[in-house]
Each structure stands twice: as C-alpha cells, then as structure tokens.
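Notes to accompany the following structure.
Only the coordinates and a few stated rules stand behind these numbers; no lab work does. Keep in mind the model is a prediction, meaning the values are calculated, not measured. Backbone-built Cβ (ideal geometry, glycine too); neighbour counts: all protein chains shown.
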Amino acid sequence: MPAAIKFDQVADLKARLDKANAVYVGEYRGMTVAESTKLRAKVREAGGELKVAKNTLFAIAMKEAGLEPFEDALTAGPSIYALCYDDPVAVAKVLKEYATDKTQKSFKLKGGQLDGKMLDLDQLYALADLPSKDVLRAQVVRTIAAPLSGLVNVLSGTIRGLVTCLSQIKDQKEKGAAA
C-alpha cells in the first residue's frame with residue numbers, strides 16, 4: 001500500500017502540470033547545490049519552475065493530467081523536470097544555454113513535451129533558438145505596419161508636391177508684383 005505522502009506528491013505534481021504548457025526533462029546527476037540554485041533562479045525568471053521528483057510519481061501525475069508520460073529512456077537516472085507556465089521558448093533557452101555551457105558537466109537536457117507533443121533533444125534546441133514571444137510579436141506588428149506606413153508616405157507625397165507647387169506660384173507672383 002503506497003504511503004499517503006506519495007498520493008500528495010502526485011496530486012501536487014498534477015496540479016502543477018495542469019497549469020504548465022510545456023515540460024522539459026533533464027538529468028542532474030552530480031550537480032552541486034549552488035549550481036542547482038543558480039539554474040532554478042534562471043528558470044524562475046524565464047517563467048518556469050524546476051521540480052525534482054521520482055520518475056514513477058511524475059509519470060503517474062502526467063497520466064492523471066491527461067499527458068503522455070515520457071519514455072523510460074528520457075527519465076532514466078535522476079531526473080529534473082522544468083515546468084513552463086509562461087513562455088516555453090524562454091525556459092528552453094535557459095535550459096539549452098545551461099546544458100551547453102562548457103564550464104558545467106553535470107546537467108544534461110534530454111527532451112520534453114510541448115502542448116502534448118513529444119520533443120527530442122534536437123527539436124528542443126530548435127525551439128530554444130526561436131525568438132521570444134515579444135520579439136515575434138514585434139516582427140508581426142512591423143510586417144503589418146510596413147504597407148500602411150508606405151501608403152501614408154505615398155499619400156503625403158502628393159500633398160507635399162501640391163504645397164511645394166503652390167509655394168512656388170506664390171513666390172513668382174510676389175516677384176512679379178515687386179517688379
């Protein structure tokens with residue numbers, strides 16, 4: 001009979017998974033407390049949270065949350081799970097940056113799940129290479145605004161030409177009246 005604390009842990013993980021839009025998994029074997037704290041802080045700043053949990057309990061919580069559990073190959077060994085509550089790209093960037101940092105050798109990123117779709121390491125790195133949500137929004141707005149600003153310039157050019165022409169006529173009449 002499982003202990004009541006395990007039921008509480010599964011319920012807590014399920015509640016966190018219900019709020020998350022992406023989950024990434026990595027191996028943290030050999031990480032020091034200082035390294036772990038540093039990584040947790042960076043992930044928190046990016047809108048996510050790192051959770052260390054037993055792989056079987058996390059798999060049960062994923063099933064209860066309606067998600068497909070990770071393959072055993074991804075969760076072999078001590079696993080740390082990154083739950084993304086805001087922008088999954090920002091959290092993926094932080095994890096990729098830390099995993100590819102040459103000064104550390106203890107954290108390895110393995111894969112993830114985004115909106116119910118499994119991601120291998122290459123797909124996760126491709127996701128991390130995308131621009132952030134704010135940059136993408138700015139690019140869309142700029143793309144939409146470019147034709148509008150061109151139209152405004154064309155229309156104002158006609159009016160500007162008319163004003164220049166009228167100004168030259170006025171100058172000629174003033175020269176003719178002064179002579």
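Fewest to most neighbouring Cβ within 10 Å: what's the order for Val10, Val23?
Ascending number of Cβ neighbours within 10 Å: Val10, Val23.
Taking the Cα centre of region 4-130 as origin, work out the dipole magnitude from +1 charges on Lys and Arg Cβ and -1 charges on Asp and Glu Cβ, in debye rounded to 20.
440
Collect residues whose amide H, placed 1.01 Å from N in the peptide plane, falls under 5 Å from the amide H of Leu119; neighbours closer than 5 in sequence don't count.
Gly112, Gln113, Leu114
I need Arg160, Arg40 ordered by Cβ neighbour count within 10 Å, fewest first.
Arg160, Arg40
Given that just one value was derived from the coordinates, which of (1) 60, 18, 13; (2) 24, 18, 15; (3) 35, 17, 14 is semi-axes √(5λ) of the Cα gyration tensor in Å?
The value computed from this structure is option (1).
Between Lys117 and Ile159, what FRET efficiency follows from the Cβ-Cβ distance if R0 is 41 Å, with the result rounded to 0.05?
Plugging the Cβ-Cβ distance into 1/(1 + (r/R0)^6) gives 0.20.
Using the Kyte-Doolittle scale, find the helices of the chain whose mean hydropathy is at least 0.0 and whose Cα atoms extend 24 Å or more along the helix's long axis, counting only whole DSSP H runs.
TM-like helix candidates: 133-178.
Using only DSSP helix segments of four residues or longer, with each worth -39500 (n - 2.57), what per-residue ellipticity at 222 nm results for the chain after dividing by its residue count and rounding to 500?
One gets -20000 deg cm²/dmol as the mean residue ellipticity at 222 nm.
Of Val154, Gln172, Val91, whose Cα points farthest to the positive end of the dipole of the chain (charges on the beta-carbon: +1 Lys, Arg; -1 Asp, Glu; origin at the Cα centre)?
Of the candidates, Gln172 comes out farthest on the positive side.
If packing is taken as the average count of other Cβ atoms within 10 Å, what order do 103-111, 24-32 fall into, highest mean first?
Ranking, from highest mean packing down: 24-32, 103-111.
Pairs to check: Lys19/Lys102; Lys19/Lys108; Lys63/Lys102; Lys14/Lys110; Lys19/Lys42; Lys6/Lys93. Give those whose C-alpha atoms are more than 30 Å from each other in this structure.
Violating the 30 Å limit, Cα to Cα: Lys19/Lys102; Lys63/Lys102; Lys6/Lys93.
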